[in-house]
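Enquirer: Dropping the structure in here first, questions after.
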Amino acid sequence: MSDTITTRRSCGGCTTCCKTLGVDALDKKEGEECRYCDTGKGCKIYASRPQICINYACDWLNGAGTEDERPDKTGIVVTRVGNRTTGGLYQIVESEPGLLASPYGKRLVNKGLALPMVVCYCEKGEPPHLIIPSGAIVHRRVLRFMMNGMPYRNEDRV
Ligand code: SF4
Ligand code: SF4
C-alpha cells in the first residue's frame, strides 16, 4: 500500500479540523470550536490565521480517500506526519463520540496499521490510544509528540 499522497484538494465548506484539533497559538483546546470558525464556511481571520493553521493539511486534503470522505461528512480527521520509511504517525480524531466505532473509523485504523505507521486514535473525551504495528519505525519526533500530548495539528509541535 502506498503512503505517498500527491493530489491536492480544497477544503470547500469543511471546517472540521477547526473544531477537532488544538491550536496552541489561540489557546484553543482539542474538541472546542475555534472562535474564528464560521462553521461550514471557513475562517473569519483567514488572511491573518496562525502559521500552524496555514501549514496544516489533513490527509483528505492531501488526496487520501474518496471525495465523499471529506472530514465534515465523516466527522473524522486524519493527520499524517512523516512516512513509513523514516517513521511517522497516522492520527485519527473523531469530532463526535462513537464515530471511530463505525466501519469507516475501523477501516482508517486498519489503513494506518497496514502502512505500517504508528496509529494514534482519539475518541472524543477519552485519552488517545496508540498502536505500534510490527515493522513500524518510531521516529524520535513521534516519541516527543507522545510526551507533549495529543491530538495535534501539525509538525510544529514535534
Ligand atoms: S479537516 Fe481537512 S478538509 Fe476539513 S478544513 Fe481541515 S484541512 Fe480542510
Ligand atoms: S484560526 Fe481559522 S483556520 Fe485556525 S483553527 Fe481558527 S478558524 Fe480554523
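The values are calculated or read from the model by the stated rules, or taken from the named source; none is laboratory data. Everything numeric here is computed off the predicted structure, so don't read it as measured data. Cβ atoms come from the backbone with ideal geometry, glycine included; neighbour counts cover every protein chain shown.
Enquirer: Which of the residues belonging to the range 64-76 are over 18 Å from residue 114 (Cα atoms) and not hydroxyl-bearing (Ser, Thr, Tyr)? Reasoning before the result, please.
Expert: Of the range 64-76, the ones over 18 Å from residue 114 (Cα atoms) are 66-76.
Hits for the range 64-76 are 67, 68, 69, 70, 71, 72, 73, 75, 76.
Enquirer: Give me the residue from the range 69-87 that is free of Cβ contacts under 8 Å to residues at least 60 places away in the same chain and of a type in the set (Gly, Ala, Ser) and, out of that set, farthest from residue 40 (Cα to Cα).
Expert: Here the residue is 87.
Enquirer: Take the range 31-90 and flag every residue that is at pLDDT 90 or above and β-branched (Val, Ile, Thr).
Expert: Hits for the range 31-90 are 39, 45, 54, 66, 74, 76, 77, 78, 79.
Enquirer: Please list, ordered by first then second residue, the pairs with beta carbon atoms under 6 Å, 6 or more apart or interchain, first in the range 89-118 and within 16 Å of residue 74 (Cα to Cα) and of a type in the set (Phe, Trp, Tyr), second modelled with pLDDT of 95 or more and not in a loop (DSSP other than H, G, I, E, B).
Expert: 104/74
Enquirer: Out of 63, 40, which single residue is more than 17 Å from the chain's Cα centre (by Cα), of a type outside the set (Asp, Glu) and assigned to a loop (DSSP other than H, G, I, E, B)?
Expert: Details: 63 fails: more than 17 Å from the chain's Cα centre (by Cα).
So the residue among 63, 40 that is more than 17 Å from the chain's Cα centre (by Cα), of a type outside the set (Asp, Glu) and assigned to a loop (DSSP other than H, G, I, E, B) is 40.
Enquirer: Ok, one more. So, residue 42, is that one small (Gly, Ala, Ser), within 16 Å of ligand 2 (Cβ to nearest atom) and either touching a residue at least 24 places away in the same chain (Cβ under 8 Å) or out of contact with any helix residue (DSSP H, G or I) (no Cβ under 6 Å at 6 or more places or on another chain) (or both) or not? Break it down into steps so the answer makes sense when it comes.
Expert: Working: small (Gly, Ala, Ser): yes; within 16 Å of ligand 2 (Cβ to nearest atom): yes; either touching a residue at least 24 places away in the same chain (Cβ under 8 Å) or out of contact with any helix residue (DSSP H, G or I) (no Cβ under 6 Å at 6 or more places or on another chain) (or both): yes.
Criteria met by residue 42.
Enquirer: Is there a residue being out of contact with any Asp or Glu (no Cβ under 6 Å at 6 or more places or on another chain) and closer than 16 Å to residue 13 by Cα anywhere in the range 81-90?
Expert: No, the range 81-90 has no match at all.
Enquirer: Can you tell me which of 58, 17 is more than 10 Å from ligand 2 (Cβ to nearest atom) and either of a type in the set (A, V, I, L, M, F, W, C) or at negative phi (or both)?
Expert: 58
Enquirer: I'd like the full set of residues that are of a type outside the set (A, V, I, L, M, F, W, C), more than 9 Å from ligand 1 (Cβ to nearest atom) and closer than 27 Å to residue 127 by Cβ, limited to the range 40-61. Working first, answer last.
Expert: Taking the range 40-61 as the starting set, the residues that turn out to be of a type outside the set (A, V, I, L, M, F, W, C) are 40-42, 44, 46, 48-51, 55-56, 59.
After this cut, where a residue has to be more than 9 Å from ligand 1 (Cβ to nearest atom) as well, the list is 40-41, 44, 46, 48-51, 55.
Selection gives 50, 55.
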